[in-house]
1. Within segment 106-136, can you find the residues that are under 14 Å from the mean Cα position of the chain (by Cα) and not in a helix (DSSP H, G or I)?
2. So which of Leu191, Leu230, Leu249 ends up being closer than 27 Å to Pro56 by Cα and within 15 Å of the chain's Cα centre (by Cα)?
3. Can you pull out the residues in segment 46-77 that are polar (S, T, N, Q) and in a loop (DSSP other than H, G, I, E, B)?
4. I'd like to check something: does segment 60-78 contain any residue that is aromatic (Phe, Trp, Tyr), over 21 Å from Lys268 (Cα atoms) and out of contact with any helix residue (DSSP H, G or I) (no Cβ under 7 Å at 6 or more places or on another chain)?
5. Just one of (1) of a type in the set (Val, Ile, Thr); (2) more than 20 Å from Ser97 (Cα to Cα); (3) surrounded by fewer than 18 Cβ atoms within 10 Å (Cβ to Cβ) trips up Val152, so point out which.
6. Taking the condition among the small types (Gly, Ala, Ser) and either closer than 12 Å to Leu88 by Cα or in the same structural domain as Val9 (by TED's automatic domain parsing) (or both), does Ser107 pass?
7. Pairs, please: C-beta under 8 Å, at least 6 apart or cross-chain, first residue over 18 Å from Val92 (Cβ atoms) and in segment 151-166, second outside any strand (DSSP E or B)?
Amino acid sequence: MFFYLSKIVWFFLQPSAFCAFLIIAGIILTKTRWQRLGKIAVRVGAIGILLVAFSPFGRQLMIPLEDRFPLITFEDQKKQKVDGIVVLGGTVHMYVSDQRGVPSIVSGAERIIEAVKLANHFKEAKIVLSGGPNTLVDNPTADAVVVKQLMVDMGINADRILVEGKSRNTWQNAVFAKKIAEPKEAENWLLITSAYHMPRAMGTFRQAGFKVAPYPVDYYTGGESSRYSLFYYAMDGVTITDTAAKEWLGLIAYNLTGRSSGFFPSPKNNKDKP
């Protein structure tokens, strides 16, 4: 139920869609006795679209998420012990992959690339791929299944890869991944996901009792140096703004429903809760 509700609510609340719906509603109202209200709605919606598409607003939302957990380079990680690697889904366009018969990566390819690099270096480490179908009506091949085939094609032994293909949100990622990983107290597990998603992911894994170390990848911004930069392409602004807004809403929802160790999880676990 939580999965379906979150998908439906987000469909209407994502900034780009909300502005578009506001314009449509305004146009309809201009044909009624609420003409003045309709004109206001159209203007507000149009201004909102411009802000979402071209202003630095999206970067303002995204940078705090991406910078919450420090970047760990592959060279730095090589110096540490690694017993297992958890790779969260969200990289595969599952419908297109099924229809075309070949893997289609929609975003976050760095998750797979870095996982392969780490797996090649830490040859004894177990690999857990966590990600199931994320659609409301279809039942495509699970994200994790597609990613496993990609990793095998890139030379990783299939016997090392554990597939969790049922999870449909970050909470289920944490719970289901822990179940099949069976981590031991002394083991060091890495969590690979997009940098903007890392705060919610870490808070969720902590709440589920799965101790992992963050390995953020897939950055959307250049950090503080790009905070006030405008977007040249409208879709870049829309993508970053919608993605960041979704993540902030997810942080609020997970905190309110007890699925996270805190509202804005930090690198230090003991600072999560107020």
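The values are calculated or read from the model by the stated rules, or taken from the named source; none is laboratory data. Note that this is a predicted model, so its numbers are computed, not measured. Glycine gets a Cβ as well: all are built from the backbone with ideal geometry, and neighbour counts include every protein chain shown.
1. Once the filter is applied, which keeps residues that are under 14 Å from the mean Cα position of the chain (by Cα) and not in a helix (DSSP H, G or I), segment 106-136 yields Val106, Ser107, Gly108, Ser130, Gly131, Gly132, Asn134.
2. Details: Leu191 fails: closer than 27 Å to Pro56 by Cα; Leu230 fails: within 15 Å of the chain's Cα centre (by Cα).
It is Leu249.
3. Taking segment 46-77 first, the residues polar (S, T, N, Q) are 55, 60, 73, 77.
Residues satisfying the conditions are Ser55, Thr73.
4. If we filter segment 60-78 for residues that are aromatic (Phe, Trp, Tyr), which is where we start, we get 69, 74.
Those still in the list that are over 21 Å from Lys268 (Cα atoms) too: 74.
The next check asks that each one be out of contact with any helix residue (DSSP H, G or I) (no Cβ under 7 Å at 6 or more places or on another chain); those that pass are none.
Within segment 60-78, not a single residue is aromatic (Phe, Trp, Tyr), over 21 Å from Lys268 (Cα atoms) and out of contact with any helix residue (DSSP H, G or I) (no Cβ under 7 Å at 6 or more places or on another chain).
5. Status for Val152: all satisfied but (2).
6. no
7. Pairs found: Gly155/Val116; Gly155/Asn120; Arg160/Ala119; Arg160/Ala125.
Residue by residue, here is whether (1) at pLDDT below 95; (2) surrounded by fewer than 19 Cβ atoms within 10 Å (Cβ to Cβ); (3) on the phi < 0 side of the Ramachandran plot holds:
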position	(1), (2), (3)
Ala181	no, no, yes
Phe205	no, no, yes
Ala213	no, yes, yes
Val217	no, no, yes
Gly223	yes, yes, no
